[in-house]
Amino acid sequence: MKLREIAGAVDARLQGDGNIEITGVASITSASEHDLIFVEDHKFLASGLECAAGAVIAGEFAAASRGKALLITDHPKLAFARAAKLLAEGKQARTERKIHQTATVHLSARLGPGVWVEERAVIAEDVQVGENSSIGAGCSIGRDVKIGRNCEFYPNVTIYPGTTLGDHVIVHAGAVLGSDGFGYVRDSRTGRYEKFPQVGRLVIEDDVEIGANSTIDRGALDETRIGRGTKIDNLVHIGHNCQLGENVVIAAQTGISGSAVIENDVVLGGQVGIADHVRLEEGVIVGAQGGVPSRKILRGKGVVFWGTPARPIQQYLKQLAAMAKLGGKR
Amino acid sequence: MKLREIAGAVDARLQGDGNIEITGVASITSASEHDLIFVEDHKFLASGLECAAGAVIAGEFAAASRGKALLITDHPKLAFARAAKLLAEGKQARTERKIHQTATVHLSARLGPGVWVEERAVIAEDVQVGENSSIGAGCSIGRDVKIGRNCEFYPNVTIYPGTTLGDHVIVHAGAVLGSDGFGYVRDSRTGRYEKFPQVGRLVIEDDVEIGANSTIDRGALDETRIGRGTKIDNLVHIGHNCQLGENVVIAAQTGISGSAVIENDVVLGGQVGIADHVRLEEGVIVGAQGGVPSRKILRGKGVVFWGTPARPIQQYLKQLAAMAKLGGKR
Amino acid sequence: MKLREIAGAVDARLQGDGNIEITGVASITSASEHDLIFVEDHKFLASGLECAAGAVIAGEFAAASRGKALLITDHPKLAFARAAKLLAEGKQARTERKIHQTATVHLSARLGPGVWVEERAVIAEDVQVGENSSIGAGCSIGRDVKIGRNCEFYPNVTIYPGTTLGDHVIVHAGAVLGSDGFGYVRDSRTGRYEKFPQVGRLVIEDDVEIGANSTIDRGALDETRIGRGTKIDNLVHIGHNCQLGENVVIAAQTGISGSAVIENDVVLGGQVGIADHVRLEEGVIVGAQGGVPSRKILRGKGVVFWGTPARPIQQYLKQLAAMAKLGGKR
């Protein structure tokens, strides 16, 4: 792709030779001549200009620089991310349907144009896959699953029957979607646990990304829902009946118990634990390893909670300081 | 199934039309006319009676109600769970063996009547699978594995060689059973870790359920054992040589280190950490994110432990209150 | 294998009948007549000598004992581990290449002599697999992956394109190597997260072992690296751009955020959380469930850190004691 085309697509001001051919993105240290890099901070500009990259995306601070073609924009990192996406799409363009001969696709399944089904993937009865979506090797897509357009499933993903996914959903290897929730009824006479029915479903909206080996349970009787644009890291667990809003960000190994409500724009650090029936209101942030007890409600856009039980960070820090004094700094 | 038959099977008192045809279970909000719902609390009775469901399981408090067929019982939720099981069994009845043509079953494997082996599953030499058990797509069942009757393995489960499973065991997608424990001997001369042999085995008793992407290691030289009726959620780790009793409940992302002993009826919340050689005596409860240090013994039926290091909840709460005072509530 | 040969190979002094045939290793309770056991502590010597084992590896303290053949060494556990390895190698010797007929191997892949590819494994274009390595059932090995000699991949492992692995690497079932890191750029205008490119790679050096269902992300633009001899337990997460040194030990369910540097000989307990850009210097130990905040540097060979935020254990214990006093012991 020519640098000029990228400039237009990411809405940046071209400065220098627009005919440079760009084939990928890279860091300052790994770049070679057809790579694009970005510099957000003035102090890295010199090394950006000296490195082997073909061109640099940078802020207005770079406008006076020479020696390399530049794309000037107010948001270099965002423009870089978009340029990377464009370049990747160019490489992966799928023009026709491709079903590997070792895949097993049920006769009743409906696959859109440009769908790829890789080696040994299994597509069960009545599955729908929208155009340009790809199903990785060894994936198991259960009966009645609906997958939107432009989705990407990496290998060995399992989707339980009846799950619905929107468009542009990315699911990394080994993730399990729509599994049974953890619910039992104890028979007080025998002391044994009997399985409570887990027959609801899982709905995943557009633009969601789910990390490797994460698990999301379907609803017990109703539904679990992951809102549009929500991003979930590796080894995350989301229990049955949870309702996640839009643009929620969840770092690795966090666990959300059944029936929690996580509103739009919430951010959860790594290894956070959210108990059952918790409500995190819009824009709440819970720091890594924080724990929110059962049925608790936390609120406040941009308010950061920390610790177990999670409390506002100022309070948490005061308590830490008091404890440090108590215990002696050494 | 007729409502009358369900009433008999779950031991509830039928009130109203026993000829209603019931095909599934649902919640008050999702029910349609052939669904059964349950109401445990008097305050939800009115909405239960008004919803679209065909019939309602409820407690004695509902006996005077009109407008819908009722199943009256002392334990509505338990009766509901049993009704759901009955209805699901009706749908899944397996009358004959079914080995998908893409599955790979070793000639020496012995499969009972009614066994299903789904797409691309691999059954190695000398495996035994009891009647009516099903092996999901992409499962890998190692040599010498013994699986009992009426077990259900969801897709992409891996079972290492030599593992033994009882009857009515459910294993969710992506779980790994019988993997090597984490044991090394450091050579002090070279500083390198050499692998300690992990050649024991894993035994899982009847009625155990194991969540998606959980991992249970086999014994190093002896065995790891999961007792009858124990329920394990998603992404749980159980180390080598652990001995778990009966009816233990373990919520998601909890980890149990090597050689721990977890007696009958213990309950572990989510993200709990149990160090090596810990003993949790019968009926102990450890709250979410609790941590039990190495070789510690906790005891007391129904006693709740909280925090790290886990201590009785009253003590934990007092300390929290004292800390809050120290740090200032804000 | 004759006991005499084992004695020579593990550098132990044979005492008694060197012609005893040994076929495996076992514990005192599980041993039968062709098994080898070990005793590290004088107090278990009597039961070791009385059990059914064919021979005992023990320390100098056992030199005066009778009744069983002995291998005397300064490091019985290490000698036992090595004997176990020898015996296992004897059983698994691979003399020729074996590609299961259900495996899918791209024409451009290069497989060394003695390579085994099990049922339904997928080997993509331009993959290299070194001699005597084995690829388990259902593994998906992406394009351009390079695997060294004598590696062992258990079933259902996924390796993303471009990952490089050294020799003698063991990867347990369900692990995911080289997946996308968790990186987004928020568009402040729309509030939506756009994916930051994750196009770097993952390098795993010799003698690394990776546990079941663990996930290691590739670098965003550069590389993630796992140093020689590092051992990683089950369900561990390692984020993009992390640099792990040699002989690092990481227990189950620990998570390491992006761009952390973990130097040689660091030991991390279970469920530890390491935030982004942390540096743990050589030989640091972090106890189970500890948390190290963003950009923190911890140093000191053999220094044990505990708690969140992780502090030296003496300080942690003092604070615990002070808190216990505050809260009242009961």
Does any residue of the stretch B:229-243 turn out to be within 11 Å of chain A (Cβ to nearest Cβ), open to solvent by 40 Å² or more (accessible area, probe 1.4 Å) and part of a loop (DSSP other than H, G, I, E, B)? no
Within 20 Å of A:T158 (Cβ to Cβ) and of a type outside the set (F, W, Y) - does that describe any residue in the stretch B:179-188? yes
Failed condition for A:G183, given (1) under 23 Å from A:T230 (Cβ atoms); (2) touching a residue at least 60 places away in the same chain (Cβ under 8 Å): (1)
Could you please let me know if C:N213 is touching a Cys at 6+ places or on another chain (Cβ under 9 Å), at pLDDT 95 or above, buried (at least 21 other Cβ atoms within 10 Å of the Cβ) and assigned to a loop (DSSP other than H, G, I, E, B)? no
Residues in the stretch B:288-330 that are away from chain A (no Cβ under 14 Å) and either in a loop (DSSP other than H, G, I, E, B) or among the acidic types (D, E) (or both) total 7
Exactly one of these conditions fails for A:L202: (1) in contact (Cβ under 8 Å) with a residue 24 or more places away in the chain; (2) under 14 Å from the mean Cα position of the chain (by Cα). Give me its number. (2)
Tell me yes or no: at least one residue of the stretch C:80-100 is β-branched (V, I, T) and within 14 Å of another protein chain (Cβ to nearest Cβ). yes
What residue, among those in the stretch C:244-260 that are within 14 Å of the chain's Cα centre (by Cα) and in contact (Cβ under 8 Å) with a residue 40 or more places away in the chain, is most open to solvent (accessible area, probe 1.4 Å)? C:E246
Between B:S32, B:S47, B:S27, which is of a type in the set (S, T, Y) and under 24 Å from the mean Cα position of the chain (by Cα)? B:S27
Does A:G90 count as under 27 Å from the mean Cα position of the chain (by Cα), assigned to a loop (DSSP other than H, G, I, E, B) and among the small types (G, A, S)? no
Can you pull out the residues in the stretch C:204-225 that are away from chain A (no Cβ under 14 Å) and more than 15 Å from C:G162 (Cα to Cα)? C:D206, C:D207, C:V208, C:E209
Could you look through the stretch B:186-203, keep only residues that are of a type in the set (K, R) and in a loop (DSSP other than H, G, I, E, B), and pick out the one that is farthest from the other protein chains (Cβ to nearest Cβ)? B:R189
Hits in the stretch A:65-79 - residues which are of a type in the set (S, T, N, Q) and away from chain C (no Cβ under 14 Å): A:S65
Kindly indicate which of B:E263, B:E281 is more than 14 Å from chain A (Cβ to nearest Cβ) and either touching a residue at least 40 places away in the same chain (Cβ under 8 Å) or open to solvent by 10 Å² or more (accessible area, probe 1.4 Å) (or both). B:E281
Of all residues making up the stretch A:133-149, the number that are within 13 Å of A:V115 (Cβ to Cβ), within 14 Å of chain B (Cβ to nearest Cβ) and not in a loop (DSSP other than H, G, I, E, B): 2
Filter the stretch B:101-116 down to the residues that are part of a strand (DSSP E or B) and either more than 13 Å from chain A (Cβ to nearest Cβ) or open to solvent by 50 Å² or more (accessible area, probe 1.4 Å) (or both) and list them by number. B:V105, B:R110, B:L111, B:W116
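The values are calculated or read from the model by the stated rules, or taken from the named source; none is laboratory data. Everything quoted here is computed from the prediction, not taken from an experiment. Cβ sites come from the backbone with ideal geometry, for glycine too, and all protein chains shown count toward neighbours. Note: accessible area is taken over every heavy atom of the protein model, side chains too, but ligands, DNA and RNA are not part of it. Shrake-Rupley method; radii C 1.70, N 1.55, O 1.52, S 1.80 Å.
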